[in-house]
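One structure is given below, encoded as structure tokens.
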2 protein chains.
Amino acid sequence: MRTILLKIAYDGSGFSGWQRQPNARTVCGTVEDALSELIGREMRIDGTSRTDAGVHALGQCASFRLEDGGIPTGRIPAALNALLARDRLEGIGDVRILSADEMPEGFHARYSSRGKRYVYRIFNSPDKSVFRRRLFYQVGEELDLEAMRSAAALLVGEHDFGAFMSSGGTPQESTVREIYSIRIEEDRAFAEAPAPFDAGRTAHGEETESFAPRSVAIAVEGGGFLYNMVRIIVGTLVEVGLGKRDPESVSLALSSRLRKDAGHTAPPQGLYLDEVFY
Amino acid sequence: MRTILLKIAYDGSGFSGWQRQPNARTVCGTVEDALSELIGREMRIDGTSRTDAGVHALGQCASFRLEDGGIPTGRIPAALNALLARDRLEGIGDVRILSADEMPEGFHARYSSRGKRYVYRIFNSPDKSVFRRRLFYQVGEELDLEAMRSAAALLVGEHDFGAFMSSGGTPQESTVREIYSIRIEEDRAFAEAPAPFDAGRTAHGEETESFAPRSVAIAVEGGGFLYNMVRIIVGTLVEVGLGKRDPESVSLALSSRLRKDAGHTAPPQGLYLDEVFY
């Protein structure tokens, strides 16, 4: 038997999340159906992270076992992608298999993981864009990134993140988790989404902009995460960035462990599972 | 009575095109329904361009007449956008009213137009992206932009574009049209769509790239366009850029007026109605 690890990218906007459900299009179900068709029998895969509806991935991982013989491991991505792209826009599916690798016996995509990096993408611009809504959290007032970095520094390390968890996830025995790092970077180039061709060259009506559009990426690495933890961290950091709360207020939330002391849950469409560490 | 001109942006990926149809979500129908709700009676608008399913707009225009009194013209965009965003992702609709202006009596969004600019966006990268599929035509081999510019130059001016028209549009008395200009520009910054956070810093498995990803924008300005004319021009230019046909071959298509002598019809999701000229 082979133990195979798939690395998977997806645009989450067309899926009801990762986890297989009856009567809903899910990422796991879509990949399992393609794999079952490829192998010729019912297949199930174990994913690393049960991403919510609307959440994206650049490096989701999933493992499964397969007998020797049959399709070579290296040919699985192209074969699956052909099935996943069938009938999809321009022959590109909204889920793509990036790689397939053979792992040691006993390897499991979730249990063998040492941690994960999520990236949360904000489009920080005075103008909201119809083209950004599926892939970014659009924040219309200028964010103070230095204040956000000060608050983020207080969250790094091992803490009880009970205040940064939504109800509705798997019940947790402990809400202590370790965050390895939080990096906040801006990228003005990335903000250049579809805009009028001559914008900037000719006068346009909408040039009452109070600050330059940019994208802000918040990369959070940690050993494990509670339900909605990254989105609540980001919602809290955004409130800090907008001056609605002090950076130090996150320490209060860590010590009280009360959900009400943390910020809002940032929307799913800005969240990307970026990489899983093994 | 006021004659009002709306400027409209939309992400076409969730619409069955501009033109109102029963039992389909269309841009025109969506805007008309919101306007009817705002004004309190059935409203109809005249759009400049009947964009196809999947085609986007940064500057679609539409006009309608409205009695004096009632909502001031300047407040129409915000009022319509609130209705258009209701129940949509993060309170941002996939269609947005950018401006509303009062025009002289007798003005009509389509008949008063002096011309239009369409922009066609290509994601030219060895790797296809799940995040680019709704907004770009993804071409996986490197395009020769100089060859494309040579071919494009032959199309500028007044010509019979009979070879660059799909059947299925409104029957045309004449297939002579004038193209004012075709500009082809690349933008490497714009190609930086969601990618792994540390890509370029750490070694990744997918770094067998044969050329640097970029976006290519083809801006076509003209007095009027036949059905699918811009998409067939782009399909032809892409074939030139891939070395599948000579730049000079477009002259043959212009003189033969036969559809088979032009290239393929580029897919709708790369096309943007950029600006209407009055």
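Structural remarks
- Criterion applied to A:17, A:54, A:12, A:40 was being in contact with a helix residue (DSSP H, G or I) (Cβ under 8 Å, 6 or more places away or on another chain), of a type in the set (Gly, Ala, Ser) and open to solvent by 10 Å² or more (accessible area, probe 1.4 Å), and the one residue passing it is A:54.
- Whenever a residue of region B:249-262 is open to solvent by 40 Å² or more (accessible area, probe 1.4 Å), its partners that are of a type in the set (Gly, Ala, Ser), lying with C-beta atoms within less than 6 angstrom and at least six residues away or across chains, give the pairs B:257/B:162; B:257/B:163; B:258/B:163; B:259/B:163.
- Among (1) touching a Gly at 6+ places or on another chain (Cβ under 9 Å); (2) away from chain B (no Cβ under 11 Å); (3) of a type outside the set (A, V, I, L, M), the one test that residue A:106 misses: (1)
- Filtering B:226, B:242, B:271 for residues that are in contact with a His (Cβ under 8 Å, 6 or more places away or on another chain) and among the aliphatic types (A, V, I, L, M) leaves a single hit, B:271.
- Restricting region A:85-97 to residues that are under 21 Å from the mean Cα position of the chain (by Cα) and facing another protein chain (nearest Cβ under 10 Å), the residue that is surrounded by the fewest Cβ atoms within 10 Å (Cβ to Cβ) is A:92.
- In region B:141-154, the residues that are in contact with a strand residue (DSSP E or B) (Cβ under 6 Å, 6 or more places away or on another chain) and surrounded by 20 or more Cβ atoms within 10 Å (Cβ to Cβ): B:143, B:148, B:152
Here is a yes/no grid of residues against (1) more than 23 Å from residue B:92 (Cβ to Cβ); (2) aliphatic (A, V, I, L, M):
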{"residue": "B:1", "(1), (2)": "yes, yes"}
{"residue": "B:9", "(1), (2)": "no, yes"}
{"residue": "B:13", "(1), (2)": "no, no"}
{"residue": "B:19", "(1), (2)": "yes, no"}
{"residue": "B:25", "(1), (2)": "no, no"}
{"residue": "B:29", "(1), (2)": "no, no"}
{"residue": "B:32", "(1), (2)": "no, no"}
{"residue": "B:38", "(1), (2)": "no, yes"}
{"residue": "B:42", "(1), (2)": "yes, no"}
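- Residue A:100 being assigned to a helix (DSSP H, G or I) and either within 14 Å of chain B (Cβ to nearest Cβ) or closer than 30 Å to residue A:261 by Cβ (or both): no
- Qualifying residue in region A:103-114 (condition: outside any loop (DSSP other than H, G, I, E, B), more than 21 Å from the chain's Cα centre (by Cα) and in contact (Cβ under 8 Å) with a residue 24 or more places away in the chain): yes
- When A:166, A:129 are screened for being farther than 20 Å from residue B:197 by Cα, open to solvent by 10 Å² or more (accessible area, probe 1.4 Å), touching a residue at least 12 places away in the same chain (Cβ under 8 Å) and within 14 Å of chain B (Cβ to nearest Cβ), only A:129 passes.
- Look at region A:23-48: where a residue is in a loop (DSSP other than H, G, I, E, B) and a partner is aliphatic (A, V, I, L, M), sitting 6+ places away or on another chain with Cβ atoms under 6 Å, you get A:43/A:35; A:45/A:62; A:48/A:109; A:48/A:276.
- Answer residue from region A:1-23, given it is modelled with pLDDT under 95 and out of contact with any Lys or Arg (no Cβ under 9 Å at 6 or more places or on another chain) and is nearest to residue A:53 (Cα to Cα) among those: A:21
- Residue match in region B:118-125 (condition: within 14 Å of another protein chain (Cβ to nearest Cβ), in a loop (DSSP other than H, G, I, E, B) and more than 18 Å from residue B:31 (Cβ to Cβ)): yes
The values are calculated or read from the model by the stated rules, or taken from the named source; none is laboratory data. None of these values were measured; they are calculated from a predicted model. Positions of Cβ are backbone-derived with ideal geometry, glycine not excepted, and every protein chain shown enters the neighbour counts. Surface areas here come from the heavy atoms of the whole protein model, side chains and all, with no ligands, DNA or RNA. Shrake-Rupley method; radii C 1.70, N 1.55, O 1.52, S 1.80 Å.
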